[in-house]
Amino acid sequence: MSQCTARTPASAVAATLTGLAALVGVAALAGCTPDPVPPTVDRPLVQAEEVHSVSLGIEDITDTEQDWDAVREHLDAAHVNMVTLAAGRVEFVAFDWAAHPDAVAEEGTDHLARAIDELAESPDGEPRRVDLLIDALIPAWIKKDPSVGGVGEDGSRSEYTPSASAIHDGPVGARFLELVEELARRYQPDQITFSELKFDDETFGQDDAALYREMTGEDDWPREADGSIHQDAPEIGEWRSQVLADFLDQASAVLDDVAADTGKRTNLGMDVLINWEDPVKGVPDAGLSYPLLAGAADRLVLWGYLGIGDHSPQELEQVLAELAGSDIPMEKFIVSVGLWDLSQPDDSISAGLMARGVRAASTNGVTAVNVTPFTLMTPEHWSALSEVWRTLPPTTPSVRTSPSEGSG
């Protein structure tokens, strides 16, 4: 499995993209952005009141022997009206990025344009929505320049996750925004979604301490009686969430600027962990306070991964019931049902459990459901999904949209 396989847990898959990046070299970490190129894909934005989505990972997108006819047959039979396509990481992308050639999967090849061309229409010619996924992990960059990695209280450096300051007002956030603009201009997708944009316990370097003081007005981290950092203090979770909300505001502004030129405003999505005990709160310790992020992103994509943590469809439905009673509109949410199950020999939940999860995900006012990843879908999974999604939800092309309207 690859992390860019659409919202894969980092601990299970981080090695795959690291290996891929090694094949093409570490990404160029400096450089200027050339003048915007003409769109690779000139397509109308697509609206849909109900969304059936399936995610394809970086290994699917960049596979030179991909059987696109077979992929389409699966999507068609399961009545899928949106595809989530992995664009990659800033250090390994599925298109020919002129500004950063060392990050390119295959020089001279635009794998994303090919995937969009192959999958962005249903059998009767109706357009499918397109969501492009950015994986926010940066292992190759940190290996080349450790200063951009997060730092734990003990001084250890994260191997995969950037520091808060590197995202908020540093080079990593700037590169993320550059990729957002590139994807929005080139492919005019309906949505661009960040995955793995979250924190662990590695936001305690000197640069992050300075950012914490600047943003909160405090003189120091919250401390325990023994002088150690109170890492579970709510102030830290609130600060981490504000860091990410500020970044999403910047990304949203980039999409507004692109829309001012193109007339097409791409939605901004954000993957978020589920707080199974207190759903409305989100997971602030990871920087994922739902109330804060919902004000900055157009969509929050809930990781409804039943096989990670041994959760049931009933638990997922209860989570959604509690969210339905919150101040966040349910149309803000996409529920992503993940197939991973590390306790099973084939690493995937059963087709029956997936089907029950998709049904649970479609309750309490949720109208957008994703199934991920394509690589774990067996014939049994596809058959079960076609029994749950029995009809193709209609889509409506919208040629122009203002920056404030979004794409539905």
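Per the listing Glu153, Glu159, the residue uniquely closer than 30 Å to Leu211 by Cα, part of a strand (DSSP E or B), of a type in the set (Asp, Glu) and more than 18 Å from the chain's Cα centre (by Cα) is Glu159. Selection of segment 52-84 for residues being out of contact with any strand residue (DSSP E or B) (no Cβ under 8 Å at 6 or more places or on another chain), within 18 Å of Ala105 (Cβ to Cβ), of a type in the set (D, E, K, R) and in contact (Cβ under 8 Å) with a residue 12 or more places away in the chain yields only Glu59. Across segment 48-101, the number of residues qualifying as within 27 Å of Val366 (Cβ to Cβ) and basic (Lys, Arg) comes to 1. Would you mind stating whether Leu211 is out of contact with any Ser or Thr (no Cβ under 6 Å at 6 or more places or on another chain), buried (at least 19 other Cβ atoms within 10 Å of the Cβ) and in a helix (DSSP H, G or I)? Answer is no for this residue. As a summary of the residue check, Asp63 satisfies the conditions (1) open to solvent by less than 10 Å² (accessible area, probe 1.4 Å); (2) at negative phi except for the one numbered (1). Which residues, taken from segment 273-293, are part of a loop (DSSP other than H, G, I, E, B) and either modelled with pLDDT under 95 or more than 18 Å from Phe194 (Cβ to Cβ) (or both)? Scanning segment 273-293 gives Asn275, Trp276, Glu277, Asp278. Counting the residues of segment 300-317 that are surrounded by fewer than 21 Cβ atoms within 10 Å (Cβ to Cβ) and either touching a helix residue (DSSP H, G or I) at 6+ places or on another chain (Cβ under 6 Å) or among the polar types (S, T, N, Q) (or both) gives 4.
State whether the residues of segment 221-236 include one that is of a type in the set (A, V, I, L, M) and part of a helix (DSSP H, G or I). Checking segment 221-236: at least one residue is of a type in the set (A, V, I, L, M) and part of a helix (DSSP H, G or I).
Might you check whether a residue that is closer than 15 Å to Leu288 by Cα, touching a Lys or Arg at 6+ places or on another chain (Cβ under 6 Å) and among the aromatic types (Phe, Trp, Tyr) occurs anywhere in segment 181-195? Among the residues of segment 181-195, not one is closer than 15 Å to Leu288 by Cα, touching a Lys or Arg at 6+ places or on another chain (Cβ under 6 Å) and among the aromatic types (Phe, Trp, Tyr), which makes the answer no. With respect to Leu17, is the statement that it is part of a helix (DSSP H, G or I), closer than 15 Å to Ser122 by Cβ and either open to solvent by less than 50 Å² (accessible area, probe 1.4 Å) or at pLDDT below 85 (or both) true? Against the criterion (part of a helix (DSSP H, G or I), closer than 15 Å to Ser122 by Cβ and either open to solvent by less than 50 Å² (accessible area, probe 1.4 Å) or at pLDDT below 85 (or both)), Leu17 does not qualify. Applying the condition of being modelled with pLDDT of 95 or more, of a type outside the set (Gly, Ala, Ser) and closer than 16 Å to Arg186 by Cβ to segment 232-263 and asking which residue is surrounded by the most Cβ atoms within 10 Å (Cβ to Cβ) yields Leu255. A single entry from Asp96, Asp145 fulfils the requirement of being modelled with pLDDT of 95 or more and either open to solvent by 40 Å² or more (accessible area, probe 1.4 Å) or hydroxyl-bearing (Ser, Thr, Tyr) (or both): Asp145.
Taking residues in segment 339-363 that are farther than 12 Å from Tyr305 by Cα, and partners anywhere that are among the hydroxyl-bearing types (Ser, Thr, Tyr), the pairs with Cβ atoms closer than 8 Å and at least 6 places apart or on different chains are Ala351/Thr378; Ala351/Ser383. Contact map, segment 299-325: residues that are within 18 Å of Leu376 (Cα to Cα) paired with residues that are assigned to a strand (DSSP E or B) and among the charged types (D, E, K, R), Cβ distance under 7 Å, separation 6+ or inter-chain. Pairs shown: Trp303/Asp271.
For Gly88, the conditions (1) open to solvent by 40 Å² or more (accessible area, probe 1.4 Å); (2) of a type in the set (Gly, Ala, Ser); (3) at pLDDT 95 or above are fulfilled apart from (1).
The values are calculated or read from the model by the stated rules, or taken from the named source; none is laboratory data. Source: prediction; values computed, not measured. Heads up, the Cβs are rebuilt from the backbone with ideal geometry, glycines too, and the neighbour counts pull from every protein chain shown. Calculation scope for accessible area: heavy atoms of the full protein, side chains included, ligands and nucleic acids excluded. Shrake-Rupley method; radii C 1.70, N 1.55, O 1.52, S 1.80 Å.
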